[in-house]
């Protein structure tokens, strides 16, 4: 029996497109992030929104029959991990140990989602607006995945990054700064207010910069190729 929330999300996704819906969710999360992180219940709100995003994404991936079981298992696993993190923050438990499990699991899940979206985009020749939103979603997910990776590196090896602002050893404060640092690096802006110190952190940072440049170039080339093919078929 289908759940009412499941049906509601599916109806919205069918009208707007599943990648368009997920892009909207991501953009709302990015906008809310700096507004609520300083509030007393900011972490709880952000984790709750992550639950909604992960749930909607897991449901949208069920459209592909080959990915149904994998998306259900992976989505349920990540949903459970984020739920545990949410409960731990609400009850003020020490979430250091949970982060060692939560961060790598979320990174692997995001990598899987990126692979599914890219495979879906290039499976068909025509380029729709929803597929274009999917390519933008991939770009944002790359930045989020690297932000989680930076946070895990700092958790695994403290002081791997140098911060101009005082974080006082707070992993959450560092994670927030590294989230910003990830997108700055992905877009190759390089403000220099956060610096990778350890050799491993430096390697991961320049790999993200290369990935951001290459993905943008490949995306533009792919769009040009699709548009050229469409124009030839139209003629």
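Every condition in (1) in contact (Cβ under 8 Å) with a residue 24 or more places away in the chain; (2) within 20 Å of residue 34 (Cα to Cα); (3) crowded, with 16+ Cβ neighbours inside 10 Å; (4) more than 15 Å from the chain's Cα centre (by Cα) holds for residue 174 except the one numbered (1). Whether any residue in the stretch 156-175 is modelled with pLDDT of 90 or more, touching a strand residue (DSSP E or B) at 6+ places or on another chain (Cβ under 7 Å) and part of a helix (DSSP H, G or I) is what I want to check. No, the stretch 156-175 contains no residue that is modelled with pLDDT of 90 or more, touching a strand residue (DSSP E or B) at 6+ places or on another chain (Cβ under 7 Å) and part of a helix (DSSP H, G or I).
Could you list, in sequence order, all residues of the stretch 192-212 that are part of a loop (DSSP other than H, G, I, E, B) and either within 20 Å of the chain's Cα centre (by Cα) or surrounded by 11 or more Cβ atoms within 10 Å (Cβ to Cβ) (or both)? Residues satisfying the conditions are 193, 197, 198.
The condition (being at pLDDT below 65 and loosely packed, with under 12 Cβ neighbours inside 10 Å) is satisfied by just one residue among 11, 5: 11. When residue 97 is tested against (1) modelled with pLDDT of 75 or more; (2) assigned to a helix (DSSP H, G or I), exactly one condition is not met: (1). For residue 189, the requirement of being farther than 17 Å from residue 99 by Cβ, modelled with pLDDT under 90 and either out of contact with any strand residue (DSSP E or B) (no Cβ under 7 Å at 6 or more places or on another chain) or exposed (fewer than 14 other Cβ atoms within 10 Å of the Cβ) (or both) is met. In the stretch 96-110, the residues that are under 18 Å from residue 173 (Cβ atoms) form Cβ pairs under 6 Å with partners that are surrounded by fewer than 17 Cβ atoms within 10 Å (Cβ to Cβ), at six or more places apart or across chains, as follows: 99/155.
The values are calculated or read from the model by the stated rules, or taken from the named source; none is laboratory data. Model, not experiment: these values are computed from the prediction. Glycine gets a Cβ as well: all are built from the backbone with ideal geometry, and neighbour counts include every protein chain shown.
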